[in-house]
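Asker: Structure in structure tokens, see below.
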Amino acid sequence: MDEKTAAGLKRMQLPYVLVRVLLILFAALMFFPGISPSKIILTAGQAKISSTASLFTNAVSYRSLTDGLARAFSRGWLSQGLFVMLYAGCLVVLLGTALMAVGGCMSVGNLPMKNLGNRFLLGGSSSQLGGMVLITAAYFLIAASADPGKITYHFPVGIPVFLALAVAVFLLSLLLLLRVPKAPKGEKMEMESRFQLFLMLLPFLALTFAFSYLPLYSWRYAFFDYSAGGTISAENFVGLKWFRTLVQNEAYITRLLTVLKNTLAMSGLGILTSWVPMVFAIFLTEVRSTRFKRFVQTFTTIPNFISWVLVYAIAFAIFSTDGFINTLLNNLTATNHSTNYLGNASHMWLKMLAWSMWKGVGWSAIIYISSISGIDQSLYEAATVDGANRFQKMRSITLPMLLPTYVVMLVMSIAGILSNGMDQYLVFTNANNKDVIEVLDLYVYNLGIGNGSIPLSTVVGMAKSVISVVLLFVANTASRWIRGSSVV
């Protein structure tokens with residue numbers, strides 16, 4: 001690369017940074033319903049129109065735009081064609097953002113890749129701008145044609161925000177296309193390995209943000225007197241009312257203590273048996289027959305992909321009053337056995353542990369099998385020369401080499417001691433065993449969905465998350481003391 005080309009690229013570093021920042025901001029705002037530019041209609045007659053759909057939701061689902069408007073369409077209060085136009089605008093914005101994302105990723109490559117990426121950036125920004133024009137036009141046409149006596153609408157605050165972002169991104173993309181030097185003919189597109197690794201990680205970071213951090217926005221329900229289908233406004237703001245209710249109401253405290261006992265007991269049993277997958281992996285790798293080893297690994301891994309609903313169906317077929325066990329005993333003893341092994345509350349913690357281990361031990365062993373395959377084989381060869389047998393190799397080489405991995409998994413288990421899932425306990429719960437099987441996640445579900453106490457369930461969920469983060473740092477500190485290195 002000559003000095004003139006290098007100088008031209010250096011001048012374009014700031015526009016590249018700005019366009020990446022604006023792209024990230026644009027993509028993030030697409031998931032926030034409050035600022036969606038497509039949130040036009042509030043009410044149509046007596047029908048309440050959902051105001052909780054984001055621009056992304058409206059772009060992937062036409063129904064999210066028109067759900068509840070059937071009466072308005074049939075009575076002629078609204079034109080359905082205008083909502084097709086609105087949906088098309090949302091979809092074009094989404095496609096343009098995807099093109100922009102491709103161009104943004106290519107902008108960290110070499111000059112030929114930057115040149116191609118600039119075309120994607122300009123094409124994507126043009127699509128974003130065109131989509132916003134469609135959305136804006138759809139709003140004004142709806143406002144002009146809607147029956148004012150039947151329809152209440154408002155100007156979405158997201159329209160000027162997204163329009164400003166789209167114009168800024170378009171101008172920057174045009175600047176980059178015109179001012180970035182052209183690559184010499186025949187030069188191949190390349191990218192540094194550090195950028196390749198980061199881009200490989202980027203989708204997982206986006207998924208983590210979408211499914212782990214974005215839902216934290218719903219914590220606001222804990223500060224409002226909210227019910228399903230209602231709205232959040234200054235009128236129903238109650239501050240710390242639900243926090244006080246949780247700690248002052250004796251019935252809630254009693255139930256919460258019972259739930260915490262079940263949660264800690266079943267999570268504690270899981271932690272106490274967390275060594276089982278490691279030992280299973282050690283013995284499995286010692287099997288000499290490759291065919292048998294693969295069969296066992298496949299057979300023990302498959303249950304992980306079976307839903308808990310099907311697991312319960314299997315359990316019901318075996319342990320219910322009319323199940324396999326009672327039928328077999330009836331045939332063998334010629335008596336009427338009708339013991340409800342599945343429904344009674346006796347030894348429920350151990351039953352849940354057994355089902356959990358059956359479902360997950362093969363899957364959990366995969367990480368230890370991978371770690372074993374990475375152990376230096378010269379260590380085993382040296383041990384063989386010294387006369388060590390297989391059990392001595394396992395005890396002196398394999399086990400110590402797996403301990404760092406085990407400690408990391410143990411630390412993560414301790415950090416998640418309050419989050420032992422809901423699906424398993426939901427399908428196995430019944431009136432007889434509810435008091436000994438209801439864990440914290442299931443309690444939050446029952447409180448919010450079953451009883452309709454969404455603010456109170458949000459408070460419990462918030463407390464669980466905060467405590468889990470504290471436990472993570474405590475476990476990480478303990479790991480640093482024991483191993484000399486931290487996990488986080």
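Asker: Once you treat every alpha carbon in the range 221-352 as an equal point and sum by Debye, what is log10 I(q)/I(0) at q = 0.11, 0.21, 0.22 Å⁻¹?
Answerer: These q points yield log10 I(q)/I(0) values of -0.79, -1.20, -1.22.
Asker: Taking a temperature of 37 °C and a viscosity of 0.692 mPa s, what whole-number D in µm²/s does Stokes-Einstein yield for the range 246-483 with Rh from Kirkwood over alpha carbon pairs?
Answerer: Values: Rh = 20.7 Å.
Taking Rh from Cα pairs, D becomes 158 µm²/s.
Asker: Here's another thing I want to ask about it. Using packing as a proxy for protection, rank 358-366, 252-260 so that the peptide with the highest average count of other Cβ atoms within 10 Å comes first.
Answerer: Numbers: 358-366: 18.7, 252-260: 14.9.
Top to bottom by mean Cβ count within 10 Å: 358-366, 252-260.
Asker: Mind checking which of Leu246, Leu177, Leu471 is farthest towards the positive end of the chain's charge dipole, using Cβ charges of +1 (Lys, Arg) and -1 (Asp, Glu) about the Cα centre?
Answerer: Going by the Cα projections, it comes out as Leu177.
Asker: To make sure I understand, if each residue's beta carbon is the centre and we count other beta carbons within 10 Å, what order do Asp435, Asp386 fall in, fewest to most? Don't skip to the answer; put the middle values down first.
Answerer: Values: Asp435 15, Asp386 9.
So the ranking, lowest neighbour count to highest, is Asp386, Asp435.
Asker: Work from the charge dipole of the chain (Cβ charges, +1 for Lys and Arg, -1 for Asp and Glu, about the Cα centre) and give the residue of Ser227, Gly360, Val92 farthest towards its positive end.
Answerer: Val92
Asker: Relative contact order for the chain using alpha-carbon pairs under 8 Å, separation at least 6, rounded to a whole percent?
Answerer: Working: 558 pairs, mean separation 66.3, N = 488.
Relative contact order here is 14 percent.
Asker: Would you tally the net charge around Thr301, using a Cβ to Cβ cut-off of less than 14 Å, leaving Thr301 out, and scoring K and R as +1, D and E as -1?
Answerer: Values: positive: Lys293, Arg294, Lys359; negative: none.
So the surrounding residues net to +3.
Asker: Further question on the same structure: Which one, Leu418, Thr458, Phe428, is farthest towards the positive end of the dipole of the range 379-488 when Lys and Arg carry +1 and Asp and Glu -1 on their Cβ?
Answerer: About the Cα centre, the residue reaching furthest to the positive side is Leu418.
Asker: Another one. Put a dot 7 Å past each Cα toward the Cβ at Ala164 and Val408; how far apart are the dots in nm?
Answerer: 4.4
Asker: Can you tell me the order of 407-419, 286-298 when each peptide is scored by its average per-residue count of other Cβ atoms within 10 angstrom, highest first? Write down the numbers at each step before the final one.
Answerer: Details: 407-419: 18.0, 286-298: 11.8.
Ranked from most to least packed, the peptides come out as 407-419, 286-298.
Asker: Report the charge-dipole magnitude of the chain in Debye, nearest 20, computed about the Cα centre from +1 at each Lys and Arg Cβ and -1 at each Asp and Glu Cβ. Before the final figure, lay out each step's value.
Answerer: On the way: 35 positive and 19 negative charges, 152 e Å.
The dipole magnitude comes to about 720 debye.
Asker: Once you charge only the Cβ atoms, +1 for Lys and Arg and -1 for Asp and Glu, what is the size of the charge dipole of the range 3-191 about its Cα centre, to the nearest 20 debye? Kindly include the intermediate steps, with their values, before the conclusion.
Answerer: On the way: 16 positive and 5 negative charges, 58 e Å.
Dipole size: approximately 280 debye.
Asker: In whole Å, what is the distance between the alpha-carbon centres of the range 225-264 and the range 308-371?
Answerer: 35
Asker: Still on this structure: May I ask you to derive the FRET efficiency for Lys150 and Leu214 from their Cβ-Cβ distance with R0 = 51 Å, giving the value to the nearest 0.05?
Answerer: Numbers: r = 35 Å, r/R0 = 0.69.
After rounding to 0.05, the efficiency reads 0.90.
Asker: Next question. Among all lysine pairs in the range 246-483 that are eight or more places apart or on different chains, how many have alpha carbons less than 23 angstrom apart?
Answerer: Eligible lysine pairs with Cα atoms under 23 Å apart amount to 9.
Asker: For the range 60-204, count all C-alpha to C-alpha pairs, find those more than 17 Å apart, and express that count as a whole percent of the total. Numbers along the way, then the final one.
Answerer: On the way: 7068 of 10440 pairs.
The calculated P(r) of the range 60-204 puts 68 percent of pairs beyond 17 Å.
Asker: Helix-only estimate, please: 222 nm mean residue ellipticity of the chain, summing -39500 (n - 2.57) across DSSP H runs of length 4 or more and dividing by its residues, to the nearest 500. Could the numbers behind the result be given before it?
Answerer: On the way: 23 runs with 318 residues, N = 488.
Value at 222 nm, helices only, nearest 500: -21000 deg cm²/dmol.
Asker: Given a Förster distance of 25 angstrom, what is the FRET efficiency for Thr321 paired with Phe299, based on the Cβ-Cβ distance and rounded to 0.05?
Answerer: Numbers: r = 29 Å, r/R0 = 1.17.
The value I calculate is 0.30.
Asker: While we're on this one: How big is D for the chain, in µm² s⁻¹ as a whole number, if Stokes-Einstein is applied with the Kirkwood radius of its Cα pairs at 4 °C and 1.567 mPa s?
Answerer: Values: Rh = 28.1 Å.
Result for D is 46 µm²/s.
Asker: Can I ask one more? Would you kindly give the portion of the calculated P(r) for the range 181-252 that falls above 18 Å, as a percent of all Cα pairs? Before the final figure, lay out the partial values.
Answerer: Details: 1725 of 2556 pairs.
That tail contains 67 percent of the Cα-Cα pairs.
Asker: If the cut-off is 22 Å between C-alpha atoms, which lysines fall inside it for Lys10, apart from same-chain ones fewer than 8 positions away?
Answerer: The reachable lysines, counting only those whose Cα sits under 22 Å from Lys10, are Lys114, Lys182, Lys185, Lys188.
Asker: Going by a ≥ b ≥ c, the root eigenvalues of the Cα gyration tensor, does the range 172-211 fall in the rounded group (a/c under 1.5), the prolate group (a/b larger than b/c) or the oblate group?
Answerer: Values: a/c = 4.74, a/b = 1.72, b/c = 2.76.
It comes out oblate by the Cα gyration axes.
Asker: Taking neighbour counts of Cβ atoms within 10 Å as a proxy for exposure, in what order, fewest first, do Lys241, Lys10, Lys114 appear?
Answerer: Working: Lys241 16, Lys10 9, Lys114 22.
Ascending number of Cβ neighbours within 10 Å: Lys10, Lys241, Lys114.
Asker: Can you figure out the FRET efficiency of Val133 with Arg71, using R₀ = 25 Å and their beta-carbon distance, to the nearest 0.05? Could you put the intermediate results ahead of the total?
Answerer: Details: r = 30 Å, r/R0 = 1.19.
According to the calculation, E is roughly 0.25.
Asker: If you don't mind, another one. What value in Å³ per residue do you get for the convex hull of the alpha-carbon atoms in the range 393-461?
Answerer: Working: hull volume 8.0 nm³, N = 69.
So the per-residue Cα hull volume is 116 Å³.
Asker: Pull up the cross-link candidates among the lysines for Lys150, meaning alpha carbon to alpha carbon under 25 Å and not fewer than 8 places away within one chain.
Answerer: Partners within reach: Lys39, Lys48.
Asker: Also, quick follow-up: Measuring from label point to label point, each 7 Å out along Cα→Cβ, what is the Leu202 to Val279 span in nm?
Answerer: 4.6
Asker: Output the Kirkwood hydrodynamic radius of the range 133-193, Cα pairs only, in Å rounded to one decimal. Spell out each step's value before the answer.
Answerer: Values: mean 1/r = 0.0634 Å⁻¹.
Taking the inverse mean of 1/r over all distinct Cα pairs, the range 133-193 comes out at 15.8 Å.
Read-outs: derived from the displayed coordinates by stated rules, not from any lab. All figures in this text were calculated on a predicted structure; none of them were measured in a lab. In this analysis, Cβ positions are derived from the backbone assuming ideal geometry, glycine residues included, and neighbour counts consider all displayed protein chains.
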